[in-house]
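K.L.:
Just passing along the structure, written as structure tokens.
The values are calculated or read from the model by the stated rules, or taken from the named source; none is laboratory data. Note that this is a predicted model, so its numbers are computed, not measured. Reconstructed Cβ throughout: ideal geometry from the backbone, glycine too, with neighbour counts over all protein chains shown. Heads up: the accessible areas ignore ligands, DNA and RNA and are worked out on the full protein's heavy atoms, side chains in. Shrake-Rupley method; radii C 1.70, N 1.55, O 1.52, S 1.80 Å.
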Amino acid sequence: MKIKTSFLFVLLLSILYISCDVDDEDKSCLAPSSATITELGFTSVRIEVAAENVREYVVRYGEEGVDPLSPGLSIAYFNTLEVIVTNLTSGQSYDFYVSVLCNNGQSSAPVAILNVTTASEIETVCFPPMNVTSTVIDYNETLVAWEASVDNELSYEIEYGFTGFELDTGIQKQAFETTLLLDALLVGTSYDYYIRSYCEVEVSLFDGPFMFTTRACVLPTNFMVSEISSTTALASWEGNGEVSWELEYGAAGFELGDGEVIFLGETEVVLESLTSAIIYDVYLRANCGPNGRSKYIGPVTFTTL
């Protein structure tokens, strides 16, 4: 009875082992879920394969219309999910077949990529501009410049936005020369931008992102109040290239927005009609165009006589 039981136990283990081995082999021999061309060159293609638990797979390829079972197909073996097939002929149409290499040396059913034509070296290709540069002109303006990559570029498109923006969500501008002024920018702000070419019959890919940061609006320096009398005082400061400033003053402790405001184009001003023996606070900030001001500096505190 013990011998019979042991025999049955061994037989059951053998069946389970064979079953698992067949299951594992079947899993390793599933066809790729997809295979796509992600980059096309003159004599090469980049293929991206979607497959799980694959140690190795095989790419068979030949001229358009070739039989996937033909013994004359070129064969390449790979163990990464993104590969480059080289030594192709430019301007030639190919069919590619991607299969998983099974444990038994056979191949899974192939995934077909049909009618792939490499780029022709004699046809015109549209490329993005080259040598792209940006020069910050002012607080709100930046000049972008570039050089044409090919002779058939008719115009260009620049898309820009705050750093990290996604394409198709930014501001798009068209240019017919190799420079473009970006204006109405925010002061002291970082931007990304992309650029592409419009050629005679096609549009290039975007190149980028490139980056620039507009000029910051700097605080005035050496801000002081002097020549104090019972009803007047002289406020003065030094600028950093700005052309206008905003000064606000009032009785000590006032909140910004509640004081007397003076807009100035000079770096000094006489505060008039003050009250004798009163403590005053004075704040100052630089105006840097329509889209930006510096932070306030101050308060500078003084007491009238």
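K.L.:
Suppose we filter the range 204-236 for residues that are exposed (fewer than 14 other Cβ atoms within 10 Å of the Cβ), of a type outside the set (Ser, Thr, Tyr) and either assigned to a loop (DSSP other than H, G, I, E, B) or modelled with pLDDT under 90 (or both); how many remain?
P.N.:
Result for the range 204-236: 2.
K.L.:
Within the range 171-185, identify whether any single residue is modelled with pLDDT under 95, more than 19 Å from Thr133 (Cα to Cα), part of a loop (DSSP other than H, G, I, E, B) and open to solvent by less than 70 Å² (accessible area, probe 1.4 Å), and answer yes or no.
P.N.:
no
K.L.:
Let me ask something additional. Restricting the range 133-147 to residues that are of a type in the set (A, V, I, L, M) and open to solvent by 40 Å² or more (accessible area, probe 1.4 Å), which is nearest to Glu177 (Cα to Cα)?
P.N.:
Leu143
K.L.:
Look through the range 54-77, keep the residues that are open to solvent by 40 Å² or more (accessible area, probe 1.4 Å) and assigned to a strand (DSSP E or B), and return whichever of them is farthest from Thr118 (Cα to Cα).
P.N.:
Tyr77
K.L.:
Just to be sure I understand, how many residues within the range 229-251 are of a type in the set (A, V, I, L, M) and either touching a Ser or Thr at 6+ places or on another chain (Cβ under 6 Å) or without any contact (Cβ under 8 Å) to a residue 12 or more places away in the chain (or both)?
P.N.:
Of the residues in the range 229-251, the ones of a type in the set (A, V, I, L, M) are 233-235, 243, 247, 251.
When the remaining residues are screened for being either touching a Ser or Thr at 6+ places or on another chain (Cβ under 6 Å) or without any contact (Cβ under 8 Å) to a residue 12 or more places away in the chain (or both), the result is 234.
Adding up the residues that qualify gives 1.
K.L.:
Looking at the range 121-131, can you tell me whether even one residue there is of a type in the set (A, V, I, L, M, F, W, C), open to solvent by 80 Å² or more (accessible area, probe 1.4 Å), in a loop (DSSP other than H, G, I, E, B) and within 30 Å of Ala35 (Cβ to Cβ)?
P.N.:
Yes - at least one qualifying residue is present in the range 121-131.
K.L.:
Which of the numbered conditions does Gln106 fail, given that it passes all the others? Conditions: (1) farther than 28 Å from Cys199 by Cα; (2) in contact with a strand residue (DSSP E or B) (Cβ under 7 Å, 6 or more places away or on another chain).
P.N.:
The number of the failed condition is (2).
K.L.:
Suppose we keep only residues that are assigned to a loop (DSSP other than H, G, I, E, B) and among the hydroxyl-bearing types (Ser, Thr, Tyr) within the range 78-93. Which one would you say is surrounded by the most Cβ atoms within 10 Å (Cβ to Cβ)?
P.N.:
Ser90
K.L.:
Collect the residues in the range 94-110 that are in a strand (DSSP E or B) and open to solvent by less than 30 Å² (accessible area, probe 1.4 Å), keeping them in residue-number order.
P.N.:
Tyr94, Asp95, Phe96, Tyr97, Val98, Ser99, Val100
K.L.:
Select from the range 287-305 the residues that are touching a strand residue (DSSP E or B) at 6+ places or on another chain (Cβ under 7 Å) and modelled with pLDDT under 90 and list them in ascending order.
P.N.:
If the condition is that a residue be touching a strand residue (DSSP E or B) at 6+ places or on another chain (Cβ under 7 Å) and modelled with pLDDT under 90, then Asn287, Arg293, Ser294, Lys295 are the ones that fit.
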